[in-house]
Amino acid sequence: MSDIILETRNLTKHYGGVHALQDATFTLRRGEHVAIMGDNGAGKSTFVRQITGVEQPTRGEIHFDGKPVHFTGPLEAREAGIEAVFQTLALADDLDVSDNLFLGREKTKFDWLGPFRFLDYKAMRNDTLAALEKTAVKIPNIRNTIQNMSGGQRQCVAIARTATFHSKLTIMDEPTAALGVQETAQVENIIRTLKEQGEPLILISHNMRQVMDLVDRIVVFRRGRICANLLKEETDGQDVVAYITGAKTQPEYADAA
Amino acid sequence: MAETTHGTGGLKYDSSKRSWPNEINIFIALVIIVAIFEALGQILPYMNGQSFLFDTNGRFDSIFNEARLQIIILQVAIIGIISLGVTQVIISGGIDLSSGPLVAATAMIVMSFAQTELVNGNPNPKAVFGSWAFDLPVLIPIIVGLAFGAFIGAINGSLIAFTRIPPFIATLGMFLICRGIAQWWTRGQPVSFPTDSYASLGAGMMPVVWFVLLAILCHVLLRYTVYGKHTYAIGSNEDAARMSGINVKRHKVMVYMIASMLAAFAAIVLSSKNLTAQSGMGLFYELYAIAMAVIGGVSLTGGRGSIIGTVLGAMVFGVIQSGFTYVKLDAYFQIMAMGAIIIGAVVLDKWRQQRAVARF
């Protein structure tokens, strides 16, 4: 088994004449936590949308878990083991925690009933409790609807999905952008838990302190291209900002400037 | 208090902290409305102290005025069957305005397959088809009716899912189409004289039996099956449902098909009960069915509501209707008051939602 969980080669996405993503070549090793940083419109979210199957790349290859993949939709990516937590939370307000965790992948009984097969509530609740425990997510009561939960709790529920289905790669797109201090700390704790368990992670964030705290490596995007690949130990906040703003470019990415 | 704590997070699974079910509010409202009518009966001078709910004249062997209870339940049973389907449509985030005319169209068609050859020894004066369609087994009209309902529902659902036109528009169009079908079928003539076996489907308290059985079935579907969970999910957050891999389009078609089949079944029961089908049947039924659901706490924005709520909503509807007659309210005012109650129910729902959002 290869050490590399995800690899993209010359991944490119054009929206009409707009080159949102240009020749992104990127690798992620098992157990590694990588941050993607960059200014607004630098191509971070576009990059993630190609990997998670929300969009299909114009050009380039994606290799996941040693195999080339061509996702035609987010469900395929999810079935392959890529779990994404998006900025806009994909949760149904009127359902409870375990319903949301298992949405679209319910545990069922009497499967011969087709679309009318019965839900196995007990199994789903047990798995939900296990998943929340694994990620150390604090939820007052898993049978409450999402509607009555704080932004942080919702985010935690979305993240707990990744633990429930033993995904091979977790991608978080600004998971703490809308959260308060305490809730941010909670989400960061979950990310640390994932690290301890050796789950690979791609984190998109604007928060320099958070990135420096949590990840092993920082990849900087600028105007649709990757312009730097920095190990955390070899860089600091000012250095990263210089790459983000365009004051510096690594020699191997010189054509990106 | 029983409370279990899991792991480092202080995770609790405390069933006593579950939110107060909305159905209890509706039940309380039902009791209050009954009490109001009971009080009106004592207060209003022309009522002579008649009781609304209780048997004060010793006409029945129970403490309740059974005749009134029977009328209330019978009155709401048939529209109640429709509202079971409408509930599912509204929970999925849609609306179905076509159910009333669908009842008329289905009744006309179904009745044509349920006619008897001889009426008191004479040929059936209302015969639609030739002799091949007389005295068919009762299963045939039922299957024809359900198939027609499924067909109309499939068109409704497909229009909404695949052309993405608003459900309001799609089903409004179907509203007119079905009324047209009902009138065209016999050029406006009523269809009458069903076979005995067909007439027994809606005889006596049979509508109530069907309503209860179908309510239980629909409750199980919504609460305990994947179909139900996905219906709530789509109404709650359609994008989330799609991203979770639910086939939203196919599911919507299914929901509208089930709703229309329930309306078609209501048509069978109604035409059997009345022993005739007319193109003007089912007037306002679509609105009353929606009203029952909304009174029962089904949110017009989708995602929330239950069959238990709708059944209670139907009871509220029936009690109010019967109560208006009991206090001798003019029939014209009754319709106006019904309209006001529907508006009130939607306003209440709006308030409930705002309160839920304000909790953040």
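The values are calculated or read from the model by the stated rules, or taken from the named source; none is laboratory data. Note that the structure is a prediction, hence the values are computed from the model and not measured. Glycine gets a Cβ as well: all are built from the backbone with ideal geometry, and neighbour counts include every protein chain shown.
Total residues in the stretch B:66-98 satisfying the condition of being part of a helix (DSSP H, G or I) and either over 20 Å from residue B:152 (Cα atoms) or in contact with a Cys (Cβ under 9 Å, 6 or more places away or on another chain) (or both): the figure is 16.
Of the conditions (1) more than 20 Å from residue B:171 (Cα to Cα); (2) under 18 Å from the mean Cα position of the chain (by Cα), residue B:274 satisfies every one except a single condition; which number is it? With (1) more than 20 Å from residue B:171 (Cα to Cα); (2) under 18 Å from the mean Cα position of the chain (by Cα) applied to residue B:274, the lone miss is (2). State whether the residues of the stretch A:136-158 include one that is of a type in the set (Ser, Thr, Tyr), without any contact (Cβ under 8 Å) to a residue 40 or more places away in the chain and surrounded by fewer than 17 Cβ atoms within 10 Å (Cβ to Cβ). Looking for residues that are of a type in the set (Ser, Thr, Tyr), without any contact (Cβ under 8 Å) to a residue 40 or more places away in the chain and surrounded by fewer than 17 Cβ atoms within 10 Å (Cβ to Cβ), one finds at least one in the stretch A:136-158, hence yes. Taking the stretch A:193-239 as the region of interest, the strands (runs of 3 or more DSSP E) fully inside it that hold 1 or more residues being in contact with a His (Cβ under 7 Å, 6 or more places away or on another chain) are A:201-204.
Once the stretch A:73-118 is narrowed to residues that are among the acidic types (Asp, Glu) and crowded, with 18+ Cβ neighbours inside 10 Å, the residue that is farthest from the other protein chains (Cβ to nearest Cβ) is A:83.
For the stretch B:302-318, the criterion of being surrounded by fewer than 20 Cβ atoms within 10 Å (Cβ to Cβ), over 22 Å from residue B:203 (Cα atoms), among the aromatic types (Phe, Trp, Tyr) and away from chain A (no Cβ under 14 Å) is met by none of the residues.
Considering (1) surrounded by fewer than 24 Cβ atoms within 10 Å (Cβ to Cβ); (2) within 21 Å of residue B:170 (Cα to Cα); (3) at pLDDT 95 or above, the lone condition that residue B:247 does not fulfil carries the number (3). Say we look at the stretch A:179-215 and pick out the residues that are among the small types (Gly, Ala, Ser) and within 16 Å of the chain's Cα centre (by Cα); which of these is surrounded by the fewest Cβ atoms within 10 Å (Cβ to Cβ)? By that ranking, first place goes to A:198. Under the condition of being small (Gly, Ala, Ser) and assigned to a loop (DSSP other than H, G, I, E, B), which residue from the stretch A:122-180 is farthest from the other protein chains (Cβ to nearest Cβ)? Here the answer is A:177.
Of all residues assigned to the stretch B:206-228, at least one qualifies as being touching a residue at least 12 places away in the same chain (Cβ under 8 Å), under 30 Å from residue A:118 (Cβ atoms) and basic (Lys, Arg).
Among the residues examined, residue B:169 does not qualify as part of a helix (DSSP H, G or I), within 20 Å of residue B:261 (Cβ to Cβ) and either at pLDDT below 95 or not small (Gly, Ala, Ser) (or both). If you go through the stretch B:106-132 and keep only what is hydrophobic (A, V, I, L, M, F, W, C) and under 18 Å from residue B:184 (Cβ atoms), you end up with B:107, B:108, B:109, B:110, B:111, B:113, B:127, B:128, B:129. Got at least one residue in the stretch B:142-162 being within 14 Å of chain A (Cβ to nearest Cβ), part of a helix (DSSP H, G or I), under 21 Å from residue B:95 (Cα atoms) and at pLDDT 95 or above? So far as the stretch B:142-162 goes, yes, one or more of its residues are within 14 Å of chain A (Cβ to nearest Cβ), part of a helix (DSSP H, G or I), under 21 Å from residue B:95 (Cα atoms) and at pLDDT 95 or above. Against the list (1) in contact with a Leu (Cβ under 9 Å, 6 or more places away or on another chain); (2) more than 19 Å from residue B:77 (Cα to Cα); (3) among the small types (Gly, Ala, Ser), the condition residue B:306 fails is (2). Return a yes/no flag: does the stretch A:32-47 have any residue that is among the small types (Gly, Ala, Ser), closer than 16 Å to residue A:226 by Cβ, loosely packed, with under 15 Cβ neighbours inside 10 Å and out of contact with any helix residue (DSSP H, G or I) (no Cβ under 8 Å at 6 or more places or on another chain). Yes, that holds for at least one residue.
So residue B:350 passes all but one of these: (1) loosely packed, with under 15 Cβ neighbours inside 10 Å; (2) under 18 Å from the mean Cα position of the chain (by Cα). Which condition number does it fail? Failed condition: (2).
Residue-level check: of (1) within 25 Å of residue A:149 (Cβ to Cβ); (2) crowded, with 22+ Cβ neighbours inside 10 Å, residue A:121 misses just (2). For the stretch B:197-206, the criterion of being under 23 Å from residue A:90 (Cα atoms) and out of contact with any Pro (no Cβ under 8 Å at 6 or more places or on another chain) is met by none of the residues.
Restricting the stretch B:216-237 to residues that are facing chain A (nearest Cβ under 7 Å) and of a type outside the set (Val, Ile, Thr) leaves a set whose member that is nearest to residue B:307 (Cα to Cα) is B:221.
Where in the stretch A:1-100 are the strands (runs of 3 or more DSSP E), entirely inside, with at least 1 residues that are among the charged types (D, E, K, R) and at pLDDT 90 or above?
Qualifying strands (runs of 3 or more DSSP E): A:4-15, A:18-29, A:59-64.
Looking at this structure, is residue B:235 within 30 Å of residue B:92 (Cα to Cα), touching an Asp or Glu at 6+ places or on another chain (Cβ under 9 Å) and surrounded by fewer than 18 Cβ atoms within 10 Å (Cβ to Cβ)? The answer is no for residue B:235. Within the stretch B:283-299, is there a residue that is within 30 Å of residue A:96 (Cα to Cα), in contact (Cβ under 8 Å) with a residue 60 or more places away in the chain, among the hydroxyl-bearing types (Ser, Thr, Tyr) and in a helix (DSSP H, G or I)? Looking through the stretch B:283-299, none of the residues is within 30 Å of residue A:96 (Cα to Cα), in contact (Cβ under 8 Å) with a residue 60 or more places away in the chain, among the hydroxyl-bearing types (Ser, Thr, Tyr) and in a helix (DSSP H, G or I).
Scanning the stretch A:39-55 for residues that are farther than 11 Å from residue A:173 by Cα and among the aliphatic types (A, V, I, L, M) turns up A:42, A:51, A:54.
Is it true that some residue in the stretch B:95-110 is charged (D, E, K, R) and at pLDDT below 95? Among the residues of the stretch B:95-110, not one is charged (D, E, K, R) and at pLDDT below 95, which makes the answer no.
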